[in-house]
Amino acid sequence: MRPQIPFSRPVSNAHRSSRREFLGHVAGAGASCLALSGLDATATALAGEKQLTGEPHFKTRGVILLPDDITNWPWVEKAKQAGLTTIGTHFSPDQVEAFYGTDDGAAFQEECKTAGIAIEHELHSMKQLLPRELFGKNPSMFRMDEKGERRNDWNLCVHSRAALEVVCENAVRYAKILKSDTGRYFYWIDDGKPMCFCPKCKGLSSSDQSLLLNNAMAKALREYDPRAKLAHLSYHHTLPVPTQVKPAANIFLEFAPITRDYKTPFGTSPREKEWLEHLDANLELFGSENAQVLEYWLDESMFYRASGAGNRSKRHMVPIPWNQDVFEADLDIYGKRGIRHATTFAVMVHQGYVDKFGEPPLMAYGQGLKSWRPC
C-alpha cells in the first residue's frame, strides 16, 4: 500500500485552523506563513491557482544526491517540476569526479543546463584534500590525539603550514574539475570526527579549527574563482559558534541539524532549543543573507539507518515520514531568521523507493520553499 501524499489533500478551513493551533505551540515561530496567507503551497502548485508574485524568499531550493540516485530516477525532470533551483552531488571528490567522467554524468550536466538547475558539490573531502599517505613523509601535517600522538585517521593539524598548502592546492584542483554553477563550494571536515590536540590547536574549539581551515581554502578558491564562497559546516561538534577565529568575507554558514526529531518542529525539545541558540549565535557571526540550512527532510538514507536502530542486518527502507505541518513550521523557524538558502539530503530516493512507496513528497518540499514568505 502506497502512502498518501500530503499535497494531494484539499485545504479546508478546519485544516487551516488546526494548523494554526498546532503551530501556535512552537516557540518563536507563530503560525505558518504559508497557512496564514491562505496557501497550501503544494496544493496551489497542483491546482494552478494563486501564484505569489515577486522573488521567492528561499533563493536556493535544493536536494543533495548520490550519483546512484541521479542515474536511477528522473531527478532533473522531477526537480524542475517541484520548483527546485539546485542539485548538489554528494560524497567524496573522487567518487563525484568518477561520475562526471561517465556518459551518465555528462547527460546529467546537460539535463541540468537545459532545465536551468544549478549544480553544486557537497563533499566529504578531507582524505582527498590531504591524502593520508603523506603521513609517512610529514606526520606533523596530521592531527595529534589527546595522548600526544600524531594520527592520520581524521582531519589534520590546522597549524601546519604544509598541510594547509596541500589542502588549498587540492581544493582548487577539485574546483576546476567539479565546476560549481553558483560559485559556492562545500569541502567538509571529517564527519563528526575529532580535530587536533597539538599544543597550538588544543586551545581552539573544533569550530574554530574548522573555520581556520576554511579561511585558508576560501582565500585560495577566491584566487581561482572570483565568485567563490565556501561553506563553514555547523554540525555535530562544530555546532557551537567559533569564538577565537573570525570568518573571511567569502565564508558562509551551513547549518545541519542531523539527529533532530522530525515528529515536531525544529527547536521543540530542550536539546534542539540549545541547537537553535547555536544557530542564532552562528548567524550573528556569519550573517544570515548567505546562510544555508542543510536538512534531512527527504533523506531516506537517514530514516533507513534509524529503522534498524544500528543493526545493519535489520535495516529496511521506510516511507519518508513527511509531516506538512512540521515542515511549514520549520520554514518559519529558518525563514524568519533571514536564512534564504535551503537544501535537503534525498539520498536513496530513487526508482527502488518509488516502486515500494510511490513518489516522495518532493512537490510539497519544493513548492513549500518557493511559496514561503515572511509574515
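The values are calculated or read from the model by the stated rules, or taken from the named source; none is laboratory data. This one's a predicted model, so the numbers in the text were calculated from it and none came from an experiment. So basically every Cβ, Gly included, is an ideal-geometry build from the backbone, and we count neighbours across all protein chains shown.
In the condition set (1) in contact (Cβ under 8 Å) with a residue 12 or more places away in the chain; (2) of a type in the set (D, E, K, R); (3) more than 22 Å from residue 255 (Cβ to Cβ); (4) in contact with a strand residue (DSSP E or B) (Cβ under 9 Å, 6 or more places away or on another chain), residue 151 is compliant with all but (1).
Taking the stated definitions as given, is residue 147 more than 22 Å from residue 372 (Cα to Cα) and part of a loop (DSSP other than H, G, I, E, B)?
Values: more than 22 Å from residue 372 (Cα to Cα): yes; part of a loop (DSSP other than H, G, I, E, B): yes.
Judged against the criteria, residue 147 is a match.
Checking every residue in the stretch 100-114 against the condition of being part of a helix (DSSP H, G or I), loosely packed, with under 15 Cβ neighbours inside 10 Å and aliphatic (A, V, I, L, M) gives at least one match. Output yes when any residue across the stretch 335-346 is modelled with pLDDT of 95 or more, surrounded by fewer than 20 Cβ atoms within 10 Å (Cβ to Cβ) and in contact with a Pro (Cβ under 7 Å, 6 or more places away or on another chain), and no when none is. So far as the stretch 335-346 goes, yes, one or more of its residues are modelled with pLDDT of 95 or more, surrounded by fewer than 20 Cβ atoms within 10 Å (Cβ to Cβ) and in contact with a Pro (Cβ under 7 Å, 6 or more places away or on another chain).
Which is surrounded by fewer than 14 Cβ atoms within 10 Å (Cβ to Cβ) and farther than 30 Å from residue 354 by Cβ, of 240, 226, 247, 321? Talk me through it step by step, then tell me what you get.
Details: 240 fails: surrounded by fewer than 14 Cβ atoms within 10 Å (Cβ to Cβ); 247 fails: surrounded by fewer than 14 Cβ atoms within 10 Å (Cβ to Cβ); 321 fails: farther than 30 Å from residue 354 by Cβ.
Residue meeting the stated conditions: 226.
For the stretch 205-257, which residues satisfy the criterion of being outside any helix (DSSP H, G or I) and among the charged types (D, E, K, R)?
Step one: of the stretch 205-257, the residues outside any helix (DSSP H, G or I) are 205, 225-235, 239-257.
Those that are outside any helix (DSSP H, G or I) and among the charged types (D, E, K, R): 225, 227, 229, 246, 254.
Name the one entry in 267, 287 that is at positive phi, touching a residue at least 60 places away in the same chain (Cβ under 8 Å) and surrounded by 14 or more Cβ atoms within 10 Å (Cβ to Cβ).
Values: 287 fails: touching a residue at least 60 places away in the same chain (Cβ under 8 Å).
From the options 267, 287, the qualifying one is 267.
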